[in-house]
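As structure tokens, the structure follows; a few thoughts come after it.
No value in this document is a laboratory result; all are computed from the given coordinates. No experiment lies behind these values; they were computed from the predicted model shown. All Cβ positions, glycine included, derive from the backbone under ideal geometry; neighbour counts span all protein chains shown.
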Ligand code: PSZ
């Protein structure tokens, strides 16, 4: 039996009290996080919860819990649901109020819901690598906010999925921004390239972990814009996210990257990443 969190308590699914007037439902007016669980332990939970508060602040949404309380709720969900390998999903919306675009006045309490699920790591793809498709980035100009409004990402992911691709590589005016739900990295002549932290990307927690690993392994990094054309000429390519981890890219559209197998630097980053997570997480 899965236990959910809502309104300050843990409940079964049929005990959830979701309103048609929830602003998340009408407007996608809210923010969210996904936190990975390895061997029953939350990975980088502090960073994720802190980003949840940053996203909320950027949309002028006040969360009725402290960071510490949300971390404890996340831990409780993992324990209550006996999660071994999987993730936590947590979202906060601007509350339950009759539909009108402007914020409810007076303010209504933000609604925090969360659940935990068991889900295997994508180990086959992590080892073999994947094909991705270039798609124009039509999202809004605040991609730094982890907002519930995901239509731009949903449409890109669907188009990639229909073509048999694992992910969409988004480009704006020819510049690679990120993936539909991942951060993109290219490696050329030993240098790791990725989009700088601006309003045009989400500064992924996995992105930050991987940049830390580059530093530890003394791999030079360039956080500067690169074009889709330059991406095709990279020696290696990979993307990162909480669930995709460090995912090698073998082809972009029909163009092969390097020799069409996961690159050496990519593999060394995967190895270093694996050392950061509980070692027995082989699922
Ligand atoms: O399960 C999934 O498919 C997940 S879990 C998290 C994501 C996907 N994606 C987060 C994300 C994103 O939505 C965008 C637009 N860019 C980058 C990322 C990667 O962020 P982290 O590393 O924090 O998960």
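In square nanometres, what is one fourth of the surface area of the convex hull spanned by the alpha carbons of the stretch 193-252?
Mean projected area for the stretch 193-252: 4.4 nm², to one decimal.
Ranked highest first by average number of other Cβ atoms within 10 Å, how do 2-9, 128-135, 67-74 line up? Intermediate results must be reported in sequence, preceding the final value.
On the way: 2-9: 15.1, 128-135: 20.1, 67-74: 16.6.
By packing density, highest mean first, the sequence is 128-135, 67-74, 2-9.
Hey, for a label at residue 268 modelled as a point 7 Å past Cα toward Cβ, could you say which residues of the stretch 174-191 have their backbone N under 12 Å away?
190-191
Dimensions of the chain along principal axes (Cα, Å, largest first)?
Reported extents, whole Å, longest axis first: 57, 43, 34.
From the helices alone, meaning DSSP H stretches of at least four residues, give me the mean residue ellipticity at 222 nm for the chain, per-run term -39500 (n - 2.57), in deg cm²/dmol to the nearest 500. Working shown, then result.
On the way: 8 runs with 81 residues, N = 283.
Counting only the DSSP helices, I get -8500 deg cm²/dmol.
Provide, as a two-decimal number, the C-alpha radius of gyration of the stretch 170-283 over 2.2 N^0.38 Å, N being how many residues it has. All intermediate terms of the calculation are to be shown ahead of the outcome.
Details: Rg = 13.3 Å, N = 114, 2.2 N^0.38 = 13.3 Å.
Against the empirical 2.2 N^0.38 Å value, I get 1.00 for the stretch 170-283.
Please sort 212-220, 84-92 by packing, taking for each peptide the average over its residues of neighbouring beta carbons within 10 angstrom, highest first.
84-92, 212-220
Jot down the radius of gyration and Dmax of the stretch 88-237, Cα atoms only, both in angstrom.
18.0, 57
Can you tell which of 247, 57, 184 shows the greatest fluctuation in a Gaussian network model of the chain with Cα springs below 10 Å?
In this elastic network of the chain, the residue with the biggest mean-square fluctuation among 247, 57, 184 is 57.
Can you work out the base-10 log of I(q)/I(0) for the stretch 118-180 at q = 0.12 1/Å, using the Debye formula on its C-alpha atoms alone?
Listed by q, the Debye log ratios stand at -0.34.
Between 236, 54, 254, which gets the highest mean-square fluctuation from a Gaussian network model of the chain, Cα cutoff 10 Å?
Of 236, 54, 254, the most mobile in the Gaussian network model is 254.
Could you tell me what % of all Cα pairs in the stretch 135-222 have separations over 20 Å?
Working: 1418 of 3828 pairs.
Across the stretch 135-222, Cα pairs with separations above 20 Å total 37 percent.
Project the alpha carbons of the stretch 40-157 onto their principal axes and report the range along each, largest first, in whole Å.
53, 41, 23
If you project the alpha carbons of the stretch 35-93 onto their three principal axes, what span does each projection cover, largest first, in Å?
Principal extents (largest minus smallest coordinate, Cα): 35, 17, 17 Å.
Express in whole angstrom the spacing between the alpha-carbon centres of the stretch 61-132 and the stretch 208-253.
One Cα centre to the other: 27 Å.
Write down, largest first, the equivalent ellipsoid semi-axes of the stretch 1-77 in whole Å, where each equals the square root of 5 times an eigenvalue of the alpha-carbon gyration tensor.
Ellipsoid semi-axes (Å, largest first): 21, 19, 11.
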